[in-house]
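Heads up: the structure comes next, in structure tokens.
A short reminder: the numbers here are calculations on the coordinates, not readings from a lab. Because the structure is predicted, anything quoted here is derived from the model rather than measured. Note that each Cβ is placed from the backbone with ideal geometry, even for glycine, and that neighbours are counted across all protein chains shown.
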Amino acid sequence: MTKRVVEHATCLGCGCACDDITVVVDGDRIVEARNSCALGRAWFADGSVPRETRAGGKPVAPDVALGDAAKLLARAERPLVYLAPDISCETQRAAVAIADRLGALLDSPTGEIAAGILASQRRGRAGATLGEIRQRADLVVFWGVDPADRYPRYASRYAVDPAGLQAPDGRKSRRVVAVDVGPSRGAADADERVAIAPEHEVDALALMRAVVLGRAIGEDAVARVATGLATRMLHARYVALVHDAEPSPHGSPLHADRTEALIALAQALNGPARCALSSLRAGGNRSGADAVATWQTGFPFAVDFAGGYPRYRPHAGAAVLLARREIDVALLVGSPAGVPQAVAAALGQVTTIAIGPRASAAPFRPTVAIDTGVAGIHEGGTAFRMDDLALPLRPALSGPAVAADVVRALAACLMKGRS
Amino acid sequence: MSKTRLRIAGGVVYDPANDGGADGGIRDVCIEDGRIVAELPRDAPKLDARGMVVMAGGVDIHSHIAGSSVNQGRRLLPEEHAADPAPAPPLADPDAIPRSGTGGTIPTTFTTGYRYAALGYTTAMEAAVAPLAARQAHAELDDTPIIDAGLFTLLGNDDYLLRQIAAGEAARARDYAAWVLSAAGGYAIKIVNPGGVERWKAGGRNVTGLDDAVGSGAVTPRRILETLADAANALELPHPVHIHCNNLGQAGNATTTLETMRALAGRRAHFTHLQFHSYGGERGKSWKSAAKEVIEHVNAHPEVSVDVGQVMFGPATTLTADAPVEYLLHASSGRRWVNVDVELETGCGIVPYSYKEQAAVASLQWAVGLELFLLAKDPWRVVLSTDHPNGGSFLSYPELIRLLMDRSHRDECLKRVNQKLVAGSALADGLAREYTLSEIATVTRAAPARLLGLKHKGHLGVGADADVTVYANDADRAKMFSTPRHVIKGGVLVVEEGQLRRAPTGRRLRVQPGYDRAVTRDLKRWFDGYACVSFENYPAAELGE
């Protein structure tokens, strides 16, 4: 009887950021997240989060926790501010201000995919928002990724199934090619499968580009595969080339040159045809952290304020400086659960202040922990879809504390301590 | 420093909106509660401006400073940012967090606000925002201090509009334009390469002229321009349609530009970065200046206004919704390139670039812009811009002002540039005109404010916003205009003795034209059929009543 519904909620369970979720709330629990996939249901869950504020292992009042945090940060010699997932852009903006004020190193999980980001800075990109792929694509190539695993509604909402302006019959208007790169398999629902050994992947992409540019290539097995794929792409009107920009779930590290080769191929296909490279990103507003860092500092991740202004340190980000024991105090804003393994393990070795969802349950036992709500479940604001589109968040519940407010209050404490 | 009262005393005041373009007279400018007032008590705080030049704060009618395409450009330029660090300014306000940043052709948001203010500019219009991306642009402007800013909303390649045009539904197109402006929190309608971006997205080709079919034969660039110009005028928007014509950057494109102006004859319309649209010659064969023909048409048609989009030698970043143009620039230059097709609405293309004196086409572009300025009869309708960062950074405005005010300097510069395509142009034949300080005040603040319909900006009359810039009078006009002594924004002294000292939050400028609510029912159906964002989540701003 007491059920409420929140319509058009945006799910941050993955980077698809589906904004058609109807969240049903009974009392203070989410009982249903209609339209969401399994990943989304797990992300919303029942919406319960811990509501603790702890310092030195004991429960304390929020003001005490903030005061302690400010003292630790003010005394830090080499602080780190880390933007973990599940916070809004508003919280990210406030956290970057603290990094600037402290002269800290600023980083985020994007550090894990530095090679891909750097490739896009060298080359640029040929891309599209996800909705444009829906309108235009007549050939969808899943390059070593089956979106069903980590981006469950990508195919049904964007790339494959829905009807679009130039794909009036949806799935029937498109041809789907799955490229299996070793254990990284392309989409299951494909009209055609091609296998490429991981050690040949970057070569194959270069050969495909050569074919697109009209150059003759050799006759070996890799060249034959490349020629076949490239020819199909050249005959398409609009190619969506889809790859996973996040670290592989198979433990096999991506070749550092893979993204650059994909970008170069996608760019070359524009002219003879149209092509957009769609880079799949995980959820929790990771793309928002890149965007905010870029507009405030000029760089998307691994920004060092130590010199009094932003410097780009893509090869000396959080993971590297923590491993070198250069960081003495870390401020983590966001879900500790979303921090990459290497960074999370190292955080246990330094003094850490954690502000975010389930901060008090962080495995690295923060010195100060302030639990907040999850952006999109308990907090409003803005978050980015994987294609850099900003969407509003519609919280269904209220949380223990609003992350943006806590971070701004911490900034105010730090400013007070200045004089 | 109190926000409430200030007397700027004894300066030479250039206020062309109120003094009829007279040479500056010495008078006090009085400020109370953020506005210009007629008089203040004798004991009000005083700013000694004796011997200095006093103007309203600068108003940039066309600049790219915030939003998804600007930020894509920022991400593409780590080396520029590394080369131009911007430490946090020493602000006097104890509560404000002064922010560091980086510069280059696309500075970070805080640095953009600080640098505009330090240049004496207090208002800027972000000239191209896809409605779908407006939420990000507003967030970036929230992080851009001091300046008041508005967004121009991109229309003219959006599928919903093209469908209304195909169906002959002009009234619904107008209602839709009004709804989109409200939803995007926009200030004006911006048209970029009407129909051409849609053709690029649909099949990789551009349009070539005003009567090319865009999908349906009933939809042409001409119909798009007419529909939106009429909509803007019927909605009584403060600024008319802001038009980036077809064929930007192509030899021979002056024909298209003039045809566009004739197509809209009698309608108010603003033609932006006209320099990029004033070339003679023939595509793929020859280039020459057509500035004279184009500006003579502008001179003779009072309903037309333009900003120049001057090219300045040095680094630039070309950044536009005109994606097919950037594809060509990438293909011909081999430079880094970003293309982003924006669902159902528009495109985005970015290529970092550099204009070199040794290059023939860059030299021609430089000359064409100066010809437009120097042959313009009415400074109220031909205003200053570099289409930042496309023709050059806004930081190059002082050098541009010097080129306009100082003929001997200009002639020296002209000697250095590549003469191949400049020979025979009006500029090479000798243009003696030198802009006066009053004309500079017109093209950098009074006229842009008037063209934007910003009644409280660009002048120093009673009731105007207290946005005031005080310059030390220097014969080197580049030096004078690059380092104002004092800048007041909304009554707050933001630049004091040449130092940025305060960074108040700027205001957002937006319109909320009325529309028939019936359009939203049809739009909802359209969203349900094609969009990838919920209709309810689309508006970035309050829709109002």
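So the values come out like this:
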item: Pairs where the first residue, in the stretch A:114-142, is facing chain B (nearest Cβ under 9 Å) and surrounded by 24 or more Cβ atoms within 10 Å (Cβ to Cβ) and the second is part of a loop (DSSP other than H, G, I, E, B) and small (Gly, Ala, Ser), C-beta under 8 Å, 6+ apart; result: A:Gly131/B:Ala531
item: Any pair with Cβ under 6 angstrom, 6 or more apart, that starts in the stretch A:396-419 at a residue that is touching a residue at least 60 places away in the same chain (Cβ under 8 Å) and within 14 Å of chain B (Cβ to nearest Cβ) and ends at one that is in a helix (DSSP H, G or I) and of a type in the set (Ser, Thr, Tyr); result: A:Ala404/A:Thr91; A:Val407/A:Thr91
item: A:Gly218 within 14 Å of chain B (Cβ to nearest Cβ), over 23 Å from B:Val340 (Cα atoms) and out of contact with any Pro (no Cβ under 8 Å at 6 or more places or on another chain); result: no
item: Residue pairs meeting the criteria (Cβ under 7 Å; at least 6 apart or on separate chains; first over 19 Å from A:Ala95 (Cα atoms), in the stretch A:306-330; second part of a loop (DSSP other than H, G, I, E, B) and of a type outside the set (A, V, I, L, M)); result: A:Glu326/A:Arg78
item: Enumerated helices (runs of 4 or more DSSP H) restricted to the stretch A:302-419, each holding at least 3 residues that are surrounded by fewer than 19 Cβ atoms within 10 Å (Cβ to Cβ) and over 20 Å from the mean Cα position of the chain (by Cα); result: A:403-416
item: Checklist (1) closer than 30 Å to A:His255 by Cβ; (2) touching a strand residue (DSSP E or B) at 6+ places or on another chain (Cβ under 7 Å); (3) part of a helix (DSSP H, G or I); (4) within 14 Å of another protein chain (Cβ to nearest Cβ) applied to A:Leu39, failing item; result: (4)
item: Residues that are polar (S, T, N, Q) and farther than 19 Å from A:Arg385 by Cβ, drawn from the stretch A:147-202; result: A:Gln166, A:Ser173, A:Ser184
item: Extreme residue, surrounded by the fewest Cβ atoms within 10 Å (Cβ to Cβ), among residues of the stretch A:42-69 that are farther than 16 Å from A:Ala403 by Cβ, in contact with a strand residue (DSSP E or B) (Cβ under 9 Å, 6 or more places away or on another chain) and among the hydrophobic types (A, V, I, L, M, F, W, C); result: A:Ala61
item: Members of the stretch B:478-503 found to be in contact with a Phe, Trp or Tyr (Cβ under 9 Å, 6 or more places away or on another chain), closer than 20 Å to B:Glu399 by Cβ and buried (at least 19 other Cβ atoms within 10 Å of the Cβ), listed by number; result: B:Met480, B:Phe481, B:Ser482, B:Pro484, B:Arg485, B:Val487
item: All positions within the stretch A:183-213 that are more than 18 Å from A:His235 (Cβ to Cβ) and among the small types (Gly, Ala, Ser); result: A:Ser184, A:Gly186, A:Ala187, A:Ala188, A:Ala195, A:Ala197, A:Ala204, A:Ala206
item: Filter result for the condition that a residue is crowded, with 23+ Cβ neighbours inside 10 Å, closer than 24 Å to B:Glu343 by Cβ and among the aliphatic types (A, V, I, L, M), over A:Val145, A:Val181; result: A:Val145
item: Looking only at the stretch A:99-108, and only at residues there that are crowded, with 24+ Cβ neighbours inside 10 Å and not polar (S, T, N, Q), the one that is nearest to the chain's Cα centre (by Cα); result: A:Asp107
item: Strands (runs of 3 or more DSSP E) enclosed by the stretch B:304-354 - at least 2 residues per element that are facing chain A (nearest Cβ under 8 Å); result: B:337-342
item: Scope the stretch A:281-301; condition of a type in the set (Val, Ile, Thr) and either in a strand (DSSP E or B) or more than 15 Å from the chain's Cα centre (by Cα) (or both); matching residues; result: A:Thr297
item: Qualifying strands (runs of 3 or more DSSP E) (wholly inside the stretch A:93-166; at least 1 residues being closer than 29 Å to A:Val194 by Cα and not charged (D, E, K, R)); result: A:124-128, A:139-143
item: Residues of the stretch B:299-313 classified as closer than 13 Å to B:Leu374 by Cβ and either among the basic types (Lys, Arg) or buried (at least 24 other Cβ atoms within 10 Å of the Cβ) (or both), total; result: 2
